[in-house]
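Read the structure below first, then the notes.
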Amino acid sequence: MHPPGDDELTAARRPWPEARRPWPEARRPWDGRRVVLGVTGGIAAYKAILVARRLTQLGAEVDTVLSEAARHFVTPLSFEGVTGRTALTDLFSVEGAARHIRIGQDAHVVCVAPATADFLARAAIGRADDLLTTTLLATDAPVLLCPAMNDRMWAHPQVRGNAQYCEEELGYTVVGPATGPLAVGEAAGAGRMVEPEEIVERIGRALARGGPLDGRTVLVTAGPTHEPLDPVRFLGNRSSGRMGYALASAAWRRGARVVLVSGPTQLPDPVGVETVRVETASEMDVEVQRRVGDADLQIFAAAVADFRPVEPARSKIKRERDGSSWNVELVANPDVAAGSAAATWSGAVRVGFALETENLIENAARKREKKGFDWIVANPANEPDAGFGAETNRVTLVGADGAEQLPLQPKDEVAEIILDRVQDAVGAAS
Ligand code: CTP
């Protein structure tokens with residue numbers, strides 16, 4: 001080894017080559033929010049590193065507090081590497097004594113992941129013999145506990161009783177555990193910590209308490225519909241469902257009760273959202289009409305098929321048997337959005353989508369009036385990076401006061417901006 005020479009120092013200061021440039025500045029919606037992430041001693045502790053990393057990427061300041069047992073599985077350095085902040089372990093140090101009060105008081109959310117059976121017991125009886133338990137006693141912030149343990153331990157009445165006490169008497173939220181494969185050598189069962197993505201979503205919802213959508217009911221339609229031609233074929237479209245799912249997740253993170261009525265998609269059910277799966281426009285119509293009366297915010301993001309075969313064939317159409325051409329008569333489907341307007345309560349806010357190949361804004365504005373929407377999100381149908389199937393979208397939000405064009409961006413971020421614009425109207429409506 002030798003001290004770096006001038007050349008090496010200059011090389012270190014050179015800008016990133018194109019291929020190695022860091023990611024462009026991402027949105028950091030949780031800037032200024034403080035999360036205490038408690039980690040106790042179970043094998044799922046390694047997944048807590050992913051939680052810490054994601055929270056930091058979203059802008060949160062993450063103070064990790066590791067129990068002594070946690071340090072058998074992960075090190076403070078692992079968390080420092082992803083949060084850029086000192087991970088905390090000691091109650092009995094010069095700094096530690098005041099720190100548990102400070103981080104507990106300053107936290108917007110405290111989340112313990114994984115929470116072992118021992119930790120649940122200690123939390124339930126109010127122990128205060130390490131930094132994590134004392135922090136818990138010193139906080140007024142919402143507390144999430146994510147249990148992880150062997151299924152036989154989770155099934156034990158004492159463990160269940162402690163979890164129940166934490167929820168019912170202390171007001172903590174117990175998230176999971178999930179059912180699935182446990183540590184190596186153990187059978188699969190209920191006891192697995194929920195996945196880091198779900199923990200982050202739930203922390204997001206806890207951070208959003210008190211916003212305009214907190215406690216509201218939001219109804220979202222999403223995806224295509226499939227209209228059967230015969231038992232194996234259907235008429236459909238290229239909608240992936242991403243835009244509607246992103247809106248449903250974003251509304252749930254903002255504290256709403258969300259019902260998502262979805263046509264067939266490849267996407268998993270969003271965390272926390274009541275997802276109702278349908279195939280056809282008629283089924284979507286039934287499910288939406290059943291629920292629309294309760295919804296404070298209604299978002300119609302589905303690409304509903306406008307027509308369906310009058311009578312789908314009962315058995316598979318065969319080329320040999322049925323000839324060389326096939327004429328299918330189509331009949332109009334119900335208009336789910338327009339048909340729900342009558343059942344809507346007067347204070348509800350309605351948002352539609354319009355996918356257009358020409359005269360985007362004029363056509364969208366006309367649909368807004370015709371279908372009783374407060375806003376309509378106009379989507380160009382003929383751009384490769386926007387609309388159906390794409391990960392990104394370039395939309396114009398058309399309301400009573402005019403149109404706002406948003407830049408091309410990921411659908412998750414489009415969803416956040418749409419909610420930013422409409423959520424105050426939901427609050428004002430009651
Ligand atoms: N929509 C609906 N049910 C339908 C058709 C459309 O709920 N049968 C909703 C969509 O979810 C969207 C809005 O109405 O919010 C506009 O959809 P779009 O397909 O753009 O409009 P259409 O009314 O089908 O008009 P056109 O096909 O003539 O463009």
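None of the figures in this text is laboratory data; all of them are computed from the coordinates on show. Computed from a predicted model, the values in this text were never measured in an experiment. So basically every Cβ, Gly included, is an ideal-geometry build from the backbone, and we count neighbours across all protein chains shown.
Taking the Cα atoms of the range 283-430 alone, what are Rg (to one decimal) and Dmax (as a whole number) in Å?
18.4, 63
Determine the relative contact order of the chain: mean sequence separation of Cα pairs under 8 Å and six or more apart, normalised by residue count, in whole percent. Please report the intermediate quantities before stating the final value.
Values: 887 pairs, mean separation 42.7, N = 430.
Worked out over the chain, it gives 10 percent.
Would you mind giving the three semi-axes, in whole Å and largest first, of the ellipsoid equivalent to the chain according to its Cα gyration tensor?
On the way: eigenvalues 411, 148, 111 Å².
Whole-Å semi-axes of the equivalent ellipsoid: 45, 27, 24.
Using a Förster distance of 41 Å, how high is the FRET efficiency between W326 and L408, based on the Cβ-Cβ distance and rounded to 0.05? Working shown, then result.
Values: r = 40 Å, r/R0 = 0.98.
The value I calculate is 0.55.
Find the centroid of the Cα atoms in the range 353-369 and in the range 153-224, then give the distance between the two in whole Å.
Taking the Cα centre of each part, the range 353-369 and the range 153-224 sit 41 Å apart.
Calculate, for A400 and L267, the FRET efficiency according to 1/(1 + (r/R0)^6) with r their C-beta to C-beta distance and R0 22 Å; round to the nearest 0.05.
Values: r = 32 Å, r/R0 = 1.46.
Once rounded, the FRET efficiency stands at 0.10.
Obtain the radius of gyration and the Kirkwood radius of the range 106-200 from its C-alpha atoms and give Rg over Rh.
On the way: Rg = 13.1 Å, Rh = 13.5 Å.
For the range 106-200, the value is 0.97.
How many angstrom separate the Cα center of the range 99-128 from the Cα center of the range 24-85?
Value for the Cα centre distance between the two parts: 15 Å.
Which order, highest average first, do 165-175, 247-257, 393-403, 368-378 follow once you tally other Cβ atoms within 10 Å for each residue and take the mean per peptide? Could the numbers behind the result be given before it?
Values: 165-175: 15.5, 247-257: 25.8, 393-403: 17.0, 368-378: 20.5.
Ranking, from highest mean packing down: 247-257, 368-378, 393-403, 165-175.
For Q164 and R152, compute 0.36 nm times the residue count separating them, minus their Cα-Cα distance, and round to one decimal in nm. Let's see the in-between values first.
Values: separation 12, 0.36 × 12 = 4.32 nm, distance 1.69 nm.
Extra length available between Q164 and R152 comes to 2.6 nm.
So what is the calculated 222 nm ellipticity per residue for the chain, using -39500 (n - 2.57) for each DSSP H run with n of 4 or more, over all residues, to the nearest 500 deg cm²/dmol? List each step's numbers first, then the result.
Values: 15 runs with 147 residues, N = 430.
So the calculated ellipticity at 222 nm is -10000 deg cm²/dmol.
When the chain is fully extended, how far beyond the present Cα-Cα distance does E369 get from A342, taking 0.36 nm per residue of separation?
Details: separation 27, 0.36 × 27 = 9.72 nm, distance 1.42 nm.
Here the answer is 8.3 nm.
Got a sec to turn the phi values of the range 339-348 into Karplus ³J(HN,Hα) couplings, 6.51 cos²θ - 1.76 cosθ + 1.60 with θ = phi - 60°, whole Hz, x for Gly and Pro?
Using θ = phi - 60°, the values come out as x, 8, 4, 5, 8, 7, 7, 4, x, 6 Hz.
What span do the alpha-carbon atoms of the range 231-350 cover on each of the three principal axes, reported in whole Å from largest to smallest?
56, 31, 19 Å, listed from the longest principal axis down.
Could you work out how much longer the chain between R28 and K316 gets when fully extended? Use 0.36 nm per residue separation minus the Cα distance between them, nm to one decimal. Working shown, then result.
Details: separation 288, 0.36 × 288 = 103.68 nm, distance 5.17 nm.
Gain in length upon complete extension: 98.5 nm.
Output needed: percent of Cα pairs per 10 Å distance bin for the range 27-130, bins running from 0 to the one holding the longest distance.
Computed distribution, short to long bins: 16, 50, 31, 4, 0.
If I take the Cα coordinates of the range 6-208 and project them onto the principal axes, what are the three extents in Å, biggest first?
That gives 66, 41, 33 Å along the principal axes, largest extent first.
I'd like the Kirkwood hydrodynamic radius of the range 144-303, using the inverse of the mean 1/r over distinct C-alpha pairs, in Å.
Details: mean 1/r = 0.0564 Å⁻¹.
For the range 144-303, inverting the mean 1/r across all distinct Cα pairs yields 17.7 Å.
On average, how much area does the Cα convex hull of the range 342-406 cover when viewed from any direction, in nm²?
On the way: hull surface 19.8 nm².
Taking the Cα atoms of the range 342-406, their convex hull projects to 4.9 nm² on average.
Return the ratio Rg/(2.2 N^0.38 Å) for the range 114-161, where Rg is computed over Cα atoms only. Let's see the in-between values first.
Values: Rg = 11.3 Å, N = 48, 2.2 N^0.38 = 9.6 Å.
Compactness ratio reported: 1.18.
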